[in-house]
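Notes for the one structure printed next.
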Amino acid sequence: MPSVLFAHENFPAQFGGIAGYLATRGWNVVFATAAEAFPRDRLVRLAETGLRVMGYARHRDVAPDTHRYLHGTERAVLNGQGLARAAIRLRRQGFQPDLVVAHSGWGSGSFARVVWPEARFVPYLEWWYNYPPVDMEAETGEAVEDRHAATLCRNLPFLLDLQAADAILVPTEFQRDQLPDWLAARATVLHDGVDVEALIHPPADEPPFTLDGLPEAATLVTYATRGMEPMRGFPGFMADLARLQAGDEKVHAVIAGEDKVHYGRRLPEGDSWKTRALAAHDFDRGRLHFTGLLPPGRYRALLRRSDAHVYLTRPFVPSWSLLDAMAAGCPLVVSDTAPVRELVPPDAARFVDFETPGEIARGIAAILAGPAAARAMGGRARDHAAKHYAQSVLYPRREAFFRAVIEGRGLPGQ
């Protein structure tokens, strides 16, 4: 069976599921990660799948006098160097991959073929930075040229990977379409996949979602992303949630995620979009529940408990949480933006312009007013997710893609 190295700054991230699947299929799989939970000097075998994991690390941080346009590039080179040193240790132990798959932009796999010249190399390219940015509002003023130049330099780590790439993997057509034509022509679109089975058929011992202060019969609106930021529509959601609460005293809201910015510009130290929203709007705090990040079972139970789930994003990388909510059969209120339209059929959600005040609240109210229609809509979302985005559907396709790369056949641009 083939041998493959997955390289990613985090674990399990985008590769943990497919790496474990291939390991159970008999592939010789190693996952190299900068996650601190794994040792740098030895492989750890995971009992469930047999997947072997080893850590790597950069030996220093970015130098303070490095030009600020190049901070990301220097960090990527240092990460690539750290991975290469770990790869040399693996080579000494006899590991010779047929294929290296690396999350591009972090530098993780940039020097893998220096260590293993015969290996095929696939960068997983999540986002290409264009200017003006499609995911942000238009910028004006004297600093535009500076921001434009800095944006161009953000793509340098990708280019370092792409010069050695045998193929390019992207998860959605929307993300592929951000690439220049000469790269898009070489890209294969295959989504990561979500665990649809766990959302549709939970374990028998998985308890329903409960929360102190949340009545069992409450009408529940849910919002769940990694952070609380404008990129994912959080300020607009909170403004409209206040409107909704004012008009319906039965509505409770559960917000899962961290009070931080993962995507986009960060606020000054000590400030946050959650703090701003709570100060700006008149909420009934007894009907507003923040849970922080939830463990998988609690998260799945929350989605199954939802009467209306809100997912919003600017034109950017779509979240797994959207597909999770679809698989759970949530009645959905979603942003009318390109990445969402690609994943969600028009009859499987209520689409809103989340930049227009009141649109989110009206969308939620319409769903809550017709529970039978909402359940039917959620069922269509669940069926679409199961058919197109389930791991059981996509993992065999990814395995076939990796085999094609190893064998050098049937790839875009060839």
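Values computed for the structure shown
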quantity: Residue within the range 379-400 that is more than 24 Å from ILE18 (Cβ to Cβ), part of a helix (DSSP H, G or I) and without any contact (Cβ under 8 Å) to a residue 40 or more places away in the chain present; calculated: yes
quantity: Near pairs, Cβ below 8 angstrom, 6+ apart or cross-chain, from the range 287-310 (over 21 Å from GLU249 (Cα atoms)) to any residue that is aromatic (Phe, Trp, Tyr); calculated: ARG298/PHE209; ALA301/PHE209; ARG304/PHE209
quantity: Qualifying positions in the range 38-53 - part of a loop (DSSP other than H, G, I, E, B), open to solvent by less than 90 Å² (accessible area, probe 1.4 Å) and either modelled with pLDDT of 95 or more or not basic (Lys, Arg) (or both); calculated: PHE38, PRO39, LEU43, LEU46, THR49, GLY50, LEU51
quantity: Residue in the range 346-360 that is assigned to a helix (DSSP H, G or I), touching a Leu at 6+ places or on another chain (Cβ under 7 Å) and either of a type in the set (Val, Ile, Thr) or open to solvent by less than 10 Å² (accessible area, probe 1.4 Å) (or both) present; calculated: no
quantity: Pair list, Cβ < 7 Å and 6+ apart or interchain, from the range 115-138 residues that are of a type in the set (Gly, Ala, Ser) to residues that are at pLDDT below 95 and open to solvent by 60 Å² or more (accessible area, probe 1.4 Å); calculated: ALA138/PRO132
quantity: Neighbours by Cβ (under 6 Å, 6+ apart or cross-chain): first from the range 160-177, touching a residue at least 24 places away in the same chain (Cβ under 8 Å); second assigned to a helix (DSSP H, G or I) and of a type in the set (Val, Ile, Thr); calculated: ASP166/VAL405; ALA167/VAL405
quantity: Residue within the range 383-404 that is buried (at least 17 other Cβ atoms within 10 Å of the Cβ) and either of a type in the set (S, T, N, Q) or closer than 20 Å to ALA256 by Cβ (or both) present; calculated: yes
quantity: One residue from LEU22, LEU70 being in a helix (DSSP H, G or I) and either over 30 Å from CYS153 (Cα atoms) or open to solvent by less than 30 Å² (accessible area, probe 1.4 Å) (or both); calculated: LEU22
quantity: Filter result for the condition that a residue is small (Gly, Ala, Ser), open to solvent by 10 Å² or more (accessible area, probe 1.4 Å), in contact (Cβ under 8 Å) with a residue 40 or more places away in the chain and under 21 Å from GLY379 (Cβ atoms), over ALA328, ALA338; calculated: ALA328
quantity: Test: residue in the range 95-102 that is part of a loop (DSSP other than H, G, I, E, B) and buried (at least 18 other Cβ atoms within 10 Å of the Cβ); calculated: yes
quantity: Test: TYR56 is in contact (Cβ under 8 Å) with a residue 12 or more places away in the chain, surrounded by fewer than 17 Cβ atoms within 10 Å (Cβ to Cβ) and either closer than 15 Å to GLY109 by Cα or among the hydroxyl-bearing types (Ser, Thr, Tyr) (or both); calculated: no
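The values are calculated or read from the model by the stated rules, or taken from the named source; none is laboratory data. Note that the structure is a prediction, hence the values are computed from the model and not measured. Glycine gets a Cβ as well: all are built from the backbone with ideal geometry, and neighbour counts include every protein chain shown. Just the protein is used for accessible areas: all its heavy atoms, side chains included, with ligands, DNA and RNA removed. Shrake-Rupley method; radii C 1.70, N 1.55, O 1.52, S 1.80 Å.
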